[in-house]
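Below is one structure; the comments refer to it alone.
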Amino acid sequence: MKYLNKYVDFKESFDISSTDAPDEKLAKEEINSTEENLKEYKEKKSMIEQIFSSGKDASEIDTELKKLIPETDNSNSFLTDFIKICTVQKEIEDGKSSSEEDNNKIKLFSTQKKLSAGDKVSTIGAKISQIADRVKNFAKILTQKSQELTNLMSEHKEKISQVEQELNQSTKEIKSE
């Protein structure tokens, strides 16, 4: 019997039999569903990271994600949370690159302003101030997005560890019955 018990530890899902009590049947279905969602999350996590790091624009990323994860009524909450995290990371990276471009434009316009005279100086000065304002606004947005990313990542890690603990606990309870 002890060997049979060890076999159950390696078994991927619980078999639901017709003799199971309704609450036990529901618990086994929930465990099987949660295990399947975790397994799918672990399989597709790296693929999602590759999609977001591929340098594609938002619409291309969206179509790739729809191919990878078909939309269903009961979507995998782990994957949707991870997609939110990757989206915020992508927004931060895109914002940083546009901010660098803006800083380069400021440098370019500053050198043009030094070389120009008359009316061009005031228009170039106005462009520089517009771009500088955009960079300042992005700095505020960047701190907010960074904080949001930190919160999302910590919540996601906590959720995964909590679900794994609950899953282990539920598995032990069902095995003991």
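None of the figures in this text is laboratory data; all of them are computed from the coordinates on show. None of the values given here were measured: they were computed from a predicted structure. Virtual Cβ from ideal backbone geometry, glycine too; neighbours counted across all protein chains shown.
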**Asked** Of Ser53, Thr80, Pro70, which is farthest along the charge dipole of the stretch 44-91 in the positive direction, counting Lys and Arg as +1 and Asp and Glu as -1 at C-beta?
**Response** Ser53
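Determine, for each peptide in 119-130, 79-90, the mean count of other beta carbons within 10 angstrom over its residues, then list the peptides with the highest first.
On the way: 119-130: 13.5, 79-90: 17.6.
Top of the packing list down: 79-90, 119-130.
Rounded to two decimal places and with Rh computed the Kirkwood way over Cα pairs, what is Rg over Rh for the stretch 111-177? Before the final figure, lay out each step's value.
Working: Rg = 27.2 Å, Rh = 16.8 Å.
Value, to two decimals: 1.62.
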